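To start, the structure under review is shown below, and the notes come after it.
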Amino acid sequence: MGDRVLMVGAGLSGAVIGRRLAEAGHAVTVMDARPHVAGNCHTERDAETGVMMHVYGPHIFHTDDEGVWDYVNRFANFLPYKNRVKSTTQGQVFSLPINLHTINQFYGRTMRPDEARDFIATQADKSITDPQSFEEQALAFVGRDLYEAFFKGYTEKQWGCSPTELPASILKRLPVRFNYDDNYFFHRFQGMPEHGYTAMVERILDHPGITVHLDTRFEPAQAEEWDHVFWSGPLDGFYGFDLGRLGYRTLDFERFRAMGDWQGCAVMNYGDADVPQTRITEHKHFSPWEEHEGSVLYRETSRECGPDDIPYYPIRLVEEKALLNDYVARARAETKVTFVGRLGTYRYLDMDVTIREAMTAAETFLAARADARPMPAFTVDPA
């Protein structure tokens, strides 16, 4: 007979783990405080325009993990989608990530790839040999002009602090291309689920061994009622934030409608520091196979996350990492709770990594039960 297992959270982590354990014969309950499944990936149609909205901001699926790609395609029909981001800065519109078109346009040149590579090398600050901050990494990478146009103001708005205070590692995943490739991602598999992420997660959860309770808040004291609990909520929230709150940035969305095509692309960044929004997203462009007369857009701004806000981006600076270590040490003593996902491990995770880690967590649980071993509190190290 299987265990009674609880998934706290009906996002990707809870759904993927729950499905695997249900298929293995365990009785799975999924509980979520929100009125819908899919967490921050939740999509729904706008009643007025029919546009598929990414309610908590855009989610674009991209991965090199063929196993994860095969998994999501079991539950949804993924259609091709390329993320081509634009940036309005210093009175012009440019293509991101920085590519040969961006460089030639910005400097008013017609350089070939090798010429552009040599030119950017002359712009880079060669005195910075061991970049410690985001700013130093950018200056060593592309020089002051491109840094101030595309990174400085945007980063200040996104993180609410100077780029001199952020670690260099944040910038290491932003490419510069010396060709005209403007596809924001470089992964083999890229696409969007034809009918949205919520429909996909509903299908993952559609199993006779899974019971879903929405609009239902879990209290940690209830953990004793289950053989095991997978917690995908905030790590500090499991303990009532009693050591203090881990820092996050949250997002505010100002939704507005328009007729026709309002901005001509899915994502328009705003690099100037004096423009409040970080970007505007036009959601019908995330489903290019559909046609709609009307349009739904989100004007997006970032700020510090308060107790009643939705946490989006973990800050993970020195103070937060010290507090994280305290919570992790405490969590490791748990014998019936495993902390999973973006919030449970206090890490920024793309969707494909979230799914892969959930698959691993499920297999770890099944192996532990088969060998009569305890299930660890973490299947990845949050630190």
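The values are calculated or read from the model by the stated rules, or taken from the named source; none is laboratory data. All values reported here derive from a predicted model rather than from experimental measurement. Cβ coordinates were reconstructed from backbone atoms using ideal geometry, including for glycine residues, and neighbour counts include every protein chain displayed.
Number of residues in the range 319-334 that are of a type outside the set (A, V, I, L, M, F, W, C) and either under 23 Å from the mean Cα position of the chain (by Cα) or outside the structural domain of H228 (by TED's automatic domain parsing) (or both): the value is 5. Against the definition (closer than 28 Å to R4 by Cα and of a type in the set (S, T, Y)), how does T278 come out, yes or no? Against the criterion (closer than 28 Å to R4 by Cα and of a type in the set (S, T, Y)), T278 does not qualify. Residues that are buried (at least 20 other Cβ atoms within 10 Å of the Cβ), free of Cβ contacts under 8 Å to residues at least 60 places away in the same chain and either among the small types (G, A, S) or part of a loop (DSSP other than H, G, I, E, B) (or both) within the range 293-315 comprise just one, C305. Within the range 252-259, can one find any residue that is surrounded by fewer than 20 Cβ atoms within 10 Å (Cβ to Cβ), among the acidic types (D, E) and either touching a residue at least 24 places away in the same chain (Cβ under 8 Å) or within 18 Å of V51 (Cα to Cα) (or both)? Yes, there is a match, as at least one residue in the range 252-259 is surrounded by fewer than 20 Cβ atoms within 10 Å (Cβ to Cβ), among the acidic types (D, E) and either touching a residue at least 24 places away in the same chain (Cβ under 8 Å) or within 18 Å of V51 (Cα to Cα) (or both). If we scan the range 25-32, do we find a residue that is among the small types (G, A, S), in a strand (DSSP E or B) and more than 19 Å from the chain's Cα centre (by Cα)? Yes - at least one qualifying residue is present in the range 25-32.
Scanning the range 332-352 for residues that are touching a residue at least 40 places away in the same chain (Cβ under 8 Å), aliphatic (A, V, I, L, M) and farther than 15 Å from M7 by Cα returns A333, M351. Under the condition of being among the hydrophobic types (A, V, I, L, M, F, W, C) and in contact with a helix residue (DSSP H, G or I) (Cβ under 9 Å, 6 or more places away or on another chain), the residues counted in the range 280-322 number 5.
Within the range 90-118, the only residue that satisfies the criterion of being buried (at least 19 other Cβ atoms within 10 Å of the Cβ), touching a strand residue (DSSP E or B) at 6+ places or on another chain (Cβ under 8 Å) and of a type in the set (V, I, T) is T102.
Of the numbered criteria (1) touching a residue at least 24 places away in the same chain (Cβ under 8 Å); (2) closer than 23 Å to W69 by Cβ, the one T360 fails is (1).
Filtering the range 15-74 to residues that are surrounded by fewer than 18 Cβ atoms within 10 Å (Cβ to Cβ), acidic (D, E) and under 22 Å from P220 (Cβ atoms) leaves nothing. Out of all the residues in the range 195-206, is one or more part of a loop (DSSP other than H, G, I, E, B), surrounded by fewer than 16 Cβ atoms within 10 Å (Cβ to Cβ) and not assigned by TED's automatic domain parsing to the domain that holds T155? Looking for residues that are part of a loop (DSSP other than H, G, I, E, B), surrounded by fewer than 16 Cβ atoms within 10 Å (Cβ to Cβ) and not assigned by TED's automatic domain parsing to the domain that holds T155, one finds at least one in the range 195-206, hence yes. Tell me, please, whether a residue that is part of a loop (DSSP other than H, G, I, E, B) and surrounded by fewer than 19 Cβ atoms within 10 Å (Cβ to Cβ) can be found in the range 350-369. Within the range 350-369, one or more residues are part of a loop (DSSP other than H, G, I, E, B) and surrounded by fewer than 19 Cβ atoms within 10 Å (Cβ to Cβ). Checked against (1) within 28 Å of T360 (Cα to Cα); (2) under 20 Å from the mean Cα position of the chain (by Cα); (3) touching a residue at least 24 places away in the same chain (Cβ under 8 Å), P97 meets all criteria but (1).
Within the range 131-162, being outside any helix (DSSP H, G or I) and buried (at least 16 other Cβ atoms within 10 Å of the Cβ) holds for P131, S133, G143. The single condition among (1) touching a residue at least 24 places away in the same chain (Cβ under 8 Å); (2) closer than 16 Å to D381 by Cβ; (3) not in a loop (DSSP other than H, G, I, E, B) that A329 does not meet is (1).
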